[in-house]
Each structure stands twice: as C-alpha cells, then as structure tokens.
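Asks: Sharing a structure here in structure tokens format.
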There are 2 protein chains.
Amino acid sequence: MSESDKLKNTHTIGRLVEIAQQWYDQISDGEIPSIRLPTRTKQNIAYDEATDVWKYGEKESTRAASTARGATHLLKMAYVIGFLKGQLTENRSSTLREMYYISEGWKKAKFTAQDESNYLVEDLEIVTALEREAFHLRPEEDGATIFGPVRIRETTRRGAREIHCRDDVGEAGYAIPNNVGSVEFIDHDAKFVIAMETGGMYARLQENGFDEEYNCVLVHLKGQPARSTRRMLKKLNEELKLPVLIFTDGDPWSYRIYASVAYGSIKSAHMSELLATPAAQFVGVQPSDIRDYDLPADTLSEQDIAALKAELSDPRFATDYWREQINLQLSMGLKSEQQAFAARGLDFVTGEYLPKRLKEMGVV
Amino acid sequence: MSESDKLKNTHTIGRLVEIAQQWYDQISDGEIPSIRLPTRTKQNIAYDEATDVWKYGEKESTRAASTARGATHLLKMAYVIGFLKGQLTENRSSTLREMYYISEGWKKAKFTAQDESNYLVEDLEIVTALEREAFHLRPEEDGATIFGPVRIRETTRRGAREIHCRDDVGEAGYAIPNNVGSVEFIDHDAKFVIAMETGGMYARLQENGFDEEYNCVLVHLKGQPARSTRRMLKKLNEELKLPVLIFTDGDPWSYRIYASVAYGSIKSAHMSELLATPAAQFVGVQPSDIRDYDLPADTLSEQDIAALKAELSDPRFATDYWREQINLQLSMGLKSEQQAFAARGLDFVTGEYLPKRLKEMGVV
C-alpha cells in the first residue's frame, strides 16, 4: 500500500470512527446514543440555484437508541463501521452486495434486504461527507470508455499504469475503473470533451477522426451513465478545465441523461456536488435539429409526451432554451435518434452538424 | 489500409457481388431473378447434436422478383450490397442503424423499419457464410472487459497496438473491440478462462489475485454477453486451446447466459458455429452449491419456476447433470447470487469454493 493510500484510508477510518466515538461520549454522559441526519424524503430535496445541483434541505431527523428499532439501526451502523474499518486497514474493497451477504454473520444486526444496506451506506456518506469509494465500497457497474488525447496514471493493485487514452488502447478505448479517485491526469492535448449516448456515435466520431481534427476526448456514456462515468466527466471538467458536451438522441429520456450528468438526480442528491458537472452543455439532438435538418423521425409515444410535459415542470429544465425546445418537440410530435444524421451520409455529423453546432455554442 | 485488410475486404466484396452476379446471369438466361434461403422459422431450427449448436434445417424458401414484394426485397438487397461494397472499398464501417437511415435516400428500396434491415443483413450472412463484421457492420454494443496473462495485438485505425491484458491496462481491464476479428493473440501464460456474470465477482477475483495464483484470464460478461464478448470467448477457446468456464448467479436466467455462450441462441442460429463455444463449462452457482454451502438465498418467483420448467424441455439442458440440478432447485424453491459466497467471508470464493469446484471439474 502506498503512503498516500495509507493516509487516505486513515483519514476515512477517522471519519467513520468519529461516529462511534460520539455514541461512546453520549453514553459516558448518561445520554441515549443517537445520530442526526437530513430527512431523506422528496419534500426535503431542493434544487440549489447557487450550485445548480439537487441538495437536501434543512429538515433533520434523529435516530436514537431509545426504541428497539432505533437501537437496531445504530447497531447495524456500528457493525458496518467496524467492517469498513477492517477492510480499509487491510486495504481491501468489496461491493455493497458483498457487504449485505457478510451481514449474515452479524446476528441481530443482519440486514433484511439489500435496500437497507444501500440506504445505511448513503447515511454514512452524508454524515462523513465522503463518497462510498473512500470506504472502498465498489459500485457493481463498471464505467464506460474514453478515447482521446489524454494521458492518465491509474494506481492499480498491480502497480501504477500510465496509459495514453488514444495511443495505448484498442479501438474500444480506455475502460474507466470503478474508483475514479485512483486516476490522475498526466498531460493532455484536448480542447473539449464530447460524451455520446450510443456506441454507434462514439465509433463514428473515432472512425471519422473527429478526436484528432478537433483535439477532443470522446466518452461513451452507454445510455444512462454509471457513477464512475459521471465522476470521470466531472474530473475532466474540473481538473483539466475542459468544456464537457453531451450528445444524445433527441427524446425526453435522453434529455434526462444530460440532466443527470449536469445536475445530478434526486436519488443521489446527497452526492450531487461530487457527481454532477453543472458546466456540462447539451449539444443535441435538439428538436430544432429534427426540423432544420429534416431528420428521419418517429412519432412521439404517449409516454414520450408525458415525460416531456414532466420536464417542463422540472427545475433542471427551467430555462428559456429548454422550454422552447420541449414545446417545439411537443408541437412537432417527433423524436430522432442521433444516428439519424446518417441519412445525409456517414460524414455529415462530423463534417457539418457538429462543427456548426459547436461554433454556435462557442466551443470551437 | 494494410495488405491483409485489403485482401479480406476484396474477398468479402467478391462474396457479396456474387449474389448480384447470379441475378444478372438469371436475367441473361431469361429467368426471373431469385435467391434461395433457409426458411427462418422456429420450426426450421434444430439442435445439431454433432456440433452442439442450433442450426437451420433443410427447408428453404425462394424470394423471386415475380411479385412486386419479392422484387422490392431483391432491390433492397441490391442496394445493401452496393452500400457494403462502397464502404469496404473505402475501408470504412457503419452500424446497422446508420445503414437503416442511409436507406432514406434509396427511394423504393428504403427500409420501413429497423427490423427489416437487420433481417436482410442476416440473410446476407447466411448466403455468404460470412459474419456482419466482415461487411464492416459494427454491432451497437461494445464488448465487455478482459483481465489476465495474455498479450494481444489489435489492428486499429490508428495503427497496431500491442497490449498485455494485465500489465498494460487499468483495473477495469482491456475493453473488447466491436470487431474481434482485428485481435490476434501474441503470447500468453494462461491455463484457463473464467467468465463472470457480475462486475462484483470480476473485481473480487482480481482483488484476491486469483488470476495470478491460477494463471487464468478473467472475463466480465456484463449480464447477457454481447456478440463480441462471445466471439472473444470462442477465440480464446479455439486458438489458445484454453478451457472456458462460466460463473454466474444460480437462477434460470443465468443458466441461459451459460447456454447462449455454449450453444448459441435460436435468434442467431445462422451464426451459431461462429458465435458459440460448445466446450464452455458451467461452474456455478449450482443449486447443489446453495444446499451444500447453505448460501443466503431468495425464494423462487413464479417466473423463475416457469423458466426452470422450460429449461427442462430445452435440448441445451437435456443432460443428466442439468436435469438433476434443475429438479433439485425446483424442490428447494431457492436461488442464490454469486456474491452470496461473501456470507462466508471475502476470500471464501477464491480460497475454497473455486479451487474445490475447478478440481472437481478437472480444470486445475
């Protein structure tokens, strides 16, 4: 284990053990041990205009050992803290699911459902203000892939690896690890990052040499992006100061992909500041593109229409731009996939659409 | 374009143009142009005991230009052949979805639904006995990832890349490209391949150093494996003569993952011989493991029970082994996830379960 890993792990253990220390102090003072947490209901989640992300509000609830239920909750938390302390000391890691199964041996502190252990870990993230990756709890899902002019150093269990994400990888690119915290940027020659919803478009930009012509980093989102993919986009934006552009299909579900990258989601409100990239910009497919380029399109389904209407009242889409685009789409009744640009030839998207659109957005 | 790529592309063009040549000859001879294909119905798909894969039977249908419908079909095929010839000549590639959109410009030969273009490409695969990757039609889905003691050379558009799948990659591993045909094995130090359903187990084996201790290649299947992942498993098995082991959850849906790797699926019956790895062996989670290791388990749902019963009449599961296991599972009424082994500690799966099971299977 490297010195910096040791320091990180010691810091995390400190934050976790502090919680137990507080219970100890409470008991010493003749108080009933308890913990205070923001109330985890939709009513207590608000969109924070200053930082452009979802956050918990002021309401707090207390969990105390004054009832059997409260005491069991604190007991489970104590077991989890003990388990995490152990794995951090040994520099090991596990998945949430593994921890759930490990709790089989914790008798009265055994979890009764996977949701319960997930929820408890979110509580610990909130109380410690650390991510689960700091606890060495790995997400189940891998990240997606990256291709472009950036050289990274990843600290792996088998040693450090320096990898240039274009020269040292195959066509599928560099696979983003579970824990983006283990990746550092060494150097780069990139002007912006463009993240694509579909593998077809990721491969199209690569085949057409778009990353070389425009010095950009291509990211494959693989649909709704995994936690590690969102962390990587945030890291590229914050550490390398690169604009992050999101290029998806032109339908309400894809706009949500953009929103989850840019503003976070209600589900991960407690981690918004760590996961969201408020500076991320939406490229398209815009409803106005469907009209202006006469793209092959499908009729909106009832679900599509309902989702678009829900977006009109979603604070993340409360801008003139989105209101205009969504209303235009509702009036046209059409949606298009990003690969529909192929109707104008395989080079149209990289030779005409993107250069024009990125100029309009002030990126190139 | 390398000489070998040129040769490959010329060969593929030859096979495609042959189809059109046949129509030309038919017309010259005063015949109505037509094409013969195996009938694509479930009734004409049979399990081939000799090769252990699904294949089309003897029934053939003819598509002839004697009706407007038949003529339109041949016209579309002619357009597709022309399009593929063009992209092979330029050494370019595209997705099925892009080709569908490109057909917008083909007037009467325009596809009316994506299914139609997918189906036509399958017809061309059958007639030419080549895979769509040879036509440079990329699957939408990327492959999964590999980690282990094997060095590959991938021919990419940016030049050849030599990559050791353990020493030159991050913790997520080497990302399998769309076209496994562009990958060659240089050298390796592996004794077998173990493919895991979940990312949690892939990371567990890596963290516990299982690949080093047993000299094996770890593959992450990511649920139902993509086409390129199945091709990679077949390639590892055939070219390197490595046993391929499949390690999944212990439920009927996971047994289907195993079956699709080993025997192929009805849907891709025409490509079974290219995609299936009949030598692949199932590791677990076996219903008998749930019993023998007293694994944490969930009750089978009605859908699970129905799926297990369907498997009892599926020729791919018509062995004593599977009948015994499936009947045992039905009588226990339980299923377990592969990560349930964590109930016995994070090292149990690599330190006890797998060594014992692989010995029993004759692999180590």
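The values are calculated or read from the model by the stated rules, or taken from the named source; none is laboratory data. None of these values were measured; they are calculated from a predicted model. Cβ atoms come from the backbone with ideal geometry, glycine included; neighbour counts cover every protein chain shown.
Asks: Against the definition (among the acidic types (Asp, Glu), more than 27 Å from the chain's Cα centre (by Cα), within 14 Å of another protein chain (Cβ to nearest Cβ) and more than 30 Å from A:Pro315 (Cβ to Cβ)), how does A:Glu90 come out, yes or no?
Replies: Yes.
Asks: Any idea how many residues of the range A:1-51 are part of a loop (DSSP other than H, G, I, E, B) and at pLDDT 80 or above?
Replies: Going through the range A:1-51 one residue at a time, the tally reaches 6.
Asks: Which of (1) without any contact (Cβ under 8 Å) to a residue 24 or more places away in the chain; (2) in contact with a Gly (Cβ under 8 Å, 6 or more places away or on another chain) is the odd one out, the single condition B:Ala172 does not satisfy?
Replies: So B:Ala172 meets the others, but not (1).
Asks: Let me ask something else. For residues that are more than 7 Å from chain A (Cβ to nearest Cβ) and closer than 19 Å to B:Leu88 by Cα, scanning just the range B:154-170, find the one that is surrounded by the fewest Cβ atoms within 10 Å (Cβ to Cβ).
Replies: Going through the qualifying residues, I end up with B:Gly159.
Asks: Can you tell me which residue in the range B:11-42 is farthest from B:Glu125 (Cα to Cα), limited to those that are hydroxyl-bearing (Ser, Thr, Tyr) and free of Cβ contacts under 8 Å to residues at least 60 places away in the same chain?
Replies: B:Ser28
Asks: Restricting attention to the range B:315-364, which residues are surrounded by fewer than 17 Cβ atoms within 10 Å (Cβ to Cβ) and among the acidic types (Asp, Glu)?
Replies: Listed by number, the residues that qualify are B:Asp320, B:Glu324, B:Asp347, B:Glu352, B:Glu360.
Asks: Could you tell me which numbered condition B:Glu122 fails, if it satisfies all but one of (1) at pLDDT below 95; (2) within 13 Å of chain A (Cβ to nearest Cβ); (3) out of contact with any strand residue (DSSP E or B) (no Cβ under 6 Å at 6 or more places or on another chain)?
Replies: Only one criterion in (1) at pLDDT below 95; (2) within 13 Å of chain A (Cβ to nearest Cβ); (3) out of contact with any strand residue (DSSP E or B) (no Cβ under 6 Å at 6 or more places or on another chain) is unmet by B:Glu122, namely (2).
Asks: Please enumerate the residues belonging to the range B:210-230 that are at pLDDT below 95, within 12 Å of chain A (Cβ to nearest Cβ) and surrounded by fewer than 20 Cβ atoms within 10 Å (Cβ to Cβ).
Replies: Answer for the range B:210-230, where residues must be at pLDDT below 95, within 12 Å of chain A (Cβ to nearest Cβ) and surrounded by fewer than 20 Cβ atoms within 10 Å (Cβ to Cβ): just B:Gly223.
Asks: Can you tell me which condition B:Val53 does not meet? The list is (1) under 30 Å from B:Thr89 (Cβ atoms); (2) in contact with a Phe, Trp or Tyr (Cβ under 6 Å, 6 or more places away or on another chain); (3) not polar (S, T, N, Q), and all the others hold.
Replies: (1) is the only condition that B:Val53 fails.
For every residue, the table says whether it meets (1) farther than 24 Å from B:His11 by Cα; (2) aliphatic (A, V, I, L, M); (3) touching a Gly at 6+ places or on another chain (Cβ under 9 Å).
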| residue | (1), (2), (3) |
| --- | --- |
| B:Ser94 | no, no, yes |
| B:Tyr101 | yes, no, no |
| B:Lys110 | yes, no, no |
| B:Ala113 | yes, yes, no |
| B:Ser117 | no, no, no |
| B:Glu131 | no, no, yes |
| B:Ala134 | no, yes, yes |
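Asks: Suppose we keep only residues that are touching a helix residue (DSSP H, G or I) at 6+ places or on another chain (Cβ under 8 Å) and part of a helix (DSSP H, G or I) within the range A:257-266. Which one would you say is modelled with the lowest pLDDT?
Replies: Only one residue tops the list, namely A:Tyr263.
Asks: Now for a different question. Which one of these does A:Gly199 not meet: (1) at pLDDT 95 or above; (2) touching a strand residue (DSSP E or B) at 6+ places or on another chain (Cβ under 8 Å)?
Replies: (1)
Conditions (1) of a type in the set (Lys, Arg); (2) closer than 28 Å to B:Trp106 by Cβ; (3) touching a residue at least 12 places away in the same chain (Cβ under 8 Å), marked per residue:
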{"position": "A:Ser272", "(1), (2), (3)": "no, no, yes"}
{"position": "A:Ser288", "(1), (2), (3)": "no, yes, yes"}
{"position": "A:Arg323", "(1), (2), (3)": "yes, no, no"}
{"position": "A:Arg344", "(1), (2), (3)": "yes, yes, yes"}
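Asks: B:Ser4 versus (1) under 25 Å from B:Asn179 (Cα atoms); (2) buried (at least 17 other Cβ atoms within 10 Å of the Cβ); (3) small (Gly, Ala, Ser): which is the lone unmet condition?
Replies: (2)
Asks: Which residues, taken from the range B:176-206, are within 11 Å of chain A (Cβ to nearest Cβ) and either more than 26 Å from B:Val285 (Cα to Cα) or free of Cβ contacts under 8 Å to residues at least 12 places away in the same chain (or both)?
Replies: Once the filter is applied, which keeps residues that are within 11 Å of chain A (Cβ to nearest Cβ) and either more than 26 Å from B:Val285 (Cα to Cα) or free of Cβ contacts under 8 Å to residues at least 12 places away in the same chain (or both), the range B:176-206 yields B:Pro177, B:Asn178, B:Asn179, B:Val180, B:Ser182, B:Val183.
Asks: With the checklist (1) more than 10 Å from chain A (Cβ to nearest Cβ); (2) surrounded by 18 or more Cβ atoms within 10 Å (Cβ to Cβ); (3) modelled with pLDDT of 90 or more in hand, flag the one item B:Gly173 doesn't pass.
Replies: All conditions are met except number (1).
Asks: Let me ask something additional. Taking the condition of being of a type in the set (A, V, I, L, M, F, W, C) and within 22 Å of A:Pro139 (Cβ to Cβ), how many residues in the range A:218-252 meet it?
Replies: The qualifying residues number 8.
Asks: If a residue counts only when it is surrounded by fewer than 18 Cβ atoms within 10 Å (Cβ to Cβ), which helices (runs of 4 or more DSSP H) contained entirely in the range A:52-142 have at least 2 such residues?
Replies: Those helices (runs of 4 or more DSSP H) span A:68-89, A:114-128.
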